[in-house]
1. Examine segment 40-54 for a residue that is assigned by TED's automatic domain parsing to the domain that holds Pro121, surrounded by fewer than 19 Cβ atoms within 10 Å (Cβ to Cβ), closer than 18 Å to Gln83 by Cα and of a type in the set (Lys, Arg), and state whether such a residue exists.
2. Does segment 205-259 hold any residues that are outside any helix (DSSP H, G or I) and within 16 Å of the ligand (Cβ to nearest atom), and which are they?
3. List every residue pair whose Cβ atoms lie under 7 Å apart, where the two residues are 6 or more positions apart in sequence or sit on different chains, the first residue falls within segment 138-158 and is of a type in the set (Val, Ile, Thr), and the second residue, located anywhere, is assigned to a loop (DSSP other than H, G, I, E, B) and within 13 Å of the ligand (Cβ to nearest atom).
4. Go over the candidates Thr399, Thr431 one by one and state the one that is more than 30 Å from Ala41 (Cβ to Cβ), surrounded by 13 or more Cβ atoms within 10 Å (Cβ to Cβ) and hydroxyl-bearing (Ser, Thr, Tyr).
5. Any residue at all in segment 285-302 that is away from the ligand (no atom under 16 Å from the Cβ), in contact (Cβ under 8 Å) with a residue 12 or more places away in the chain, closer than 21 Å to Lys325 by Cβ and not in a loop (DSSP other than H, G, I, E, B)?
6. Does segment 21-28 contain any residue that is in the same structural domain as Gln83 (by TED's automatic domain parsing), within 11 Å of the ligand (Cβ to nearest atom) and surrounded by 22 or more Cβ atoms within 10 Å (Cβ to Cβ)?
7. From the list Leu165, Leu145, Leu199, Leu136, pick out the single residue that is of a type outside the set (Gly, Ala, Ser), within 16 Å of the ligand (Cβ to nearest atom) and in a helix (DSSP H, G or I).
8. For a quick check of your reading: which strands (runs of 3 or more DSSP E) sit entirely within segment 304-391 and have at least 3 residues that are at pLDDT 95 or above and within 22 Å of Arg450 (Cα to Cα)?
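The values are calculated or read from the model by the stated rules, or taken from the named source; none is laboratory data. All values reported here derive from a predicted model rather than from experimental measurement. Reconstructed Cβ throughout: ideal geometry from the backbone, glycine too, with neighbour counts over all protein chains shown.
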Amino acid sequence: MAQQKPALFIIFGGSGDLAHRKLYPALFNLYRNEYLDKHFAVIGTARRDWTDDFFRNTVKESLKKFCEDDKIVDEFVSHFYYQSHDVNDSKHYITLKKLAEQLNDKYELEDNRIYYMSIAPALFGTVAGHIKSESLITANGFNRLVIEKPFGRDYETAQKLNDELSLTFDEDQIYRIDHYLGKEMVQNIPTLRFSNPILETVWNKDYISNVQITLAESLGVEERGGYYDGAGALRDMVQNHVMQIIAQLTMKKPTVFNSENVHAAKHDLFASLKVLTSNEVDDNFVRGQYGTNQNQSEISYREGLNIAKDSQTETYVAGKIMFEKGDFTGVPFYVRTGKRLSDKSTRIDIVFKKNETNIFLDSNDDIKENVFSIIIEPDQGYRLLMNGNKIGMESGHNTFELDHGHTKQQLEKVPEAYERLIVSVLNGDQTNFTRFDELANAWKYIDVIRERWDNQEADFPNYRSGSMGPSKADELLAKDGNEWIWKG
Ligand SMILES: NC(=O)c1ccc[n+]([C@@H]2O[C@H](COP(=O)([O-])OP(=O)(O)OC[C@H]3O[C@@H](n4cnc5c(N)ncnc54)[C@H](OP(=O)(O)O)[C@@H]3O)[C@@H](O)[C@H]2O)c1
């Protein structure tokens, strides 16, 4: 993670939630651990009329739980500046440009600029357009655009947004954030696959029976109903995070592990997704929305703040994703994600095929499938389920588990996803960002499901808060003779 560059960060939406909860703490941790070049400055912009001092205090407040050392925090926030700015007003970009130039000289930033879109997606195109028309782009340094999710609401809007951004930025200047790609265990998947021959040789359709990906949350929508009710789990989680995890698991081995090769491999992969027809959706995807819990102490989704009382938005999705060609043709990828489930867990369970022939004539039935699990959060580690003899004189077999969990000391070293991603932006490394063609193919896959669901009323709510989701999600696997490995 070495080789950071001096840079000016211009954060559009600098007074907002994401900036304060994720970006400033990430920048601060990089700063104090010396992963951020001392030559940096941050301009936060938003409409409200703040002074630099007021802004710095809000940033300090957001760092309270990370550091009690006032000296280092003060030193850090002295690099922060505020510019009151309405993104629709061209004049404000002229003031912004002047401030950017001043800070460039003061902090010796070598004309390097990172434009961070931490604002509503509807404004992404407007900002990018003004960055060009008001000449904020520098001639000598780098100019990189970081863009938050959601990138469009479907293929068409994603394409339109991309066209707008492309008028100012080339693809190699655009860093589309999928913060799952910044997670320690998700970044580790290619290394696991391609550096361990005992995994690499069996990582294909000949040996793998099915793959299960779970992104389960125990919390509900809480205060984010306004955003969530217009999005739903399919758009919010499956189109981006789930698809990118699948890509990490299945892309072909690149000749050299760099951004260009990884994205070429992912391109082929996304292009080989078996897109469903509308008639196939009901057999392959299940949606759900949480009701109250057993003792009715939790409110249902529809009772939440800023949520329509008859909302048709799904808070749960389970599905079976397949490929048309390649190393995983015929292998079901069962995915599920939901809110208010029994536990919080992000994990991947890879279920291997059983030996076709079994030489243990007296007891075939107790031999189980090997399962390799990658535990992403909240714990981090790996588990391998294996078969062995029952211990002692009794005949027959038992399973046992090889289990590795990162220790507390190891976990303390794990950076937040945003820290890794910001360093990658500074280093010009796009490996762990989403390229447009991947995202476009993922939308095309999702759009069929969305359209089907938008045209059919759902019988919601259909799962209890604190449960494992709708029973139909279990039936989805049972139809194929499979079952979910993680049972909450
Ligand atoms: N929050 C999260 O956990 C999260 C997670 C993933 C992705 N995201 C994405 O990150 C982005 C920001 O989300 P957020 O939750 O931080 O939103 P937020 O708290 O509502 O912040 C929005 C920011 O935009 C500013 N703003 C609004 N209209 C503006 C205008 N016309 N001109 C200039 N500034 C304007 C707001 O300040 P003023 O009102 O003062 O202008 C505020 O600073 C969104 O694209 C969201 O989808 C957020």
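1. So far as segment 40-54 goes, yes, one or more of its residues are assigned by TED's automatic domain parsing to the domain that holds Pro121, surrounded by fewer than 19 Cβ atoms within 10 Å (Cβ to Cβ), closer than 18 Å to Gln83 by Cα and of a type in the set (Lys, Arg).
2. Leu215, Glu217, Leu219, Gly220, Val221, Asp229, Gly230, Ala231, Gly232
3. Val146/Ile177; Ile147/Ile177
4. Thr399
5. no
6. Yes; the residues of segment 21-28 include at least one that is in the same structural domain as Gln83 (by TED's automatic domain parsing), within 11 Å of the ligand (Cβ to nearest atom) and surrounded by 22 or more Cβ atoms within 10 Å (Cβ to Cβ).
7. Checking each option against the conditions leaves just Leu165.
8. Strands (runs of 3 or more DSSP E) meeting the threshold: 316-321, 333-338.
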